[in-house]
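Once you've had a glance at the structure underneath, I'll fire off some questions.
Please treat every number below as a calculation from the coordinates, not as lab data. All values derive from a computational prediction rather than experimental measurement. Quick reminder, even Gly has a Cβ in these numbers, built from the backbone with ideal geometry, and neighbours come from all protein chains shown.
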Amino acid sequence: MEGGWFEGVRPGDVDGAREAIESGSAESPEDWPRIAVESGFVGSEEEYYSVLHEVSVAVTRETVRERERADDKQLQQPIAAMDD
């Protein structure tokens with residue numbers, strides 16, 4: 001991934017952001033919050049972290065759903081605890 005996970009993702013597009021996070025990678029750490037603000041993806045670093053949290057939770061929920069369908073019940077309790 002050349003840019004941040006948010007590159008090419010429309011603000012508010014949680015599914016697009018989830019897909020970008022699941023399929024992306026970076027060779028080295030960057031100042032992603034600053035880059036997201038400078039690119040216009042978000043208005044502030046606080047907003048970046050809010051969006052990142054929302055998308056991370058969405059990715060986690062989808063992963064758990066997939067595991068539940070695969071009958072892997074060991075993940076259910078820790079993930080339910082994360083929601084609390």
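Calculated from DSSP H runs of 4 or more alone, at -39500 (n - 2.57) each and per residue, what is the 222 nm mean residue ellipticity of the chain, nearest 500?
-19000 deg cm²/dmol
Would you be so kind as to identify which of A20, V64, L52 lies farthest towards the positive end of the dipole of the chain, taking Lys and Arg as +1 and Asp and Glu as -1 on Cβ and the Cα centre as origin?
The residue sitting farthest along the positive end of the dipole is V64.
Can you compute the charge dipole magnitude of region 14-83 about its Cα centre, using +1 on each Lys and Arg Cβ and -1 on each Asp and Glu Cβ, nothing else charged? Give it in debye, rounded to the nearest 20. If you can, show how the numbers build up before the last one.
Working: 7 positive and 17 negative charges, 68 e Å.
Roughly 320 debye for region 14-83.
Hey, another quick one. Below 8 Å between Cα atoms, with a sequence gap of 6+, how large is the relative contact order for the chain in percent? Mind showing how you got there, number by number?
On the way: 52 pairs, mean separation 20.3, N = 84.
24 percent.
Can you list, bin by bin at 10 Å, the percent of alpha carbon pairs in the chain, starting at 0?
17, 43, 27, 13, 0
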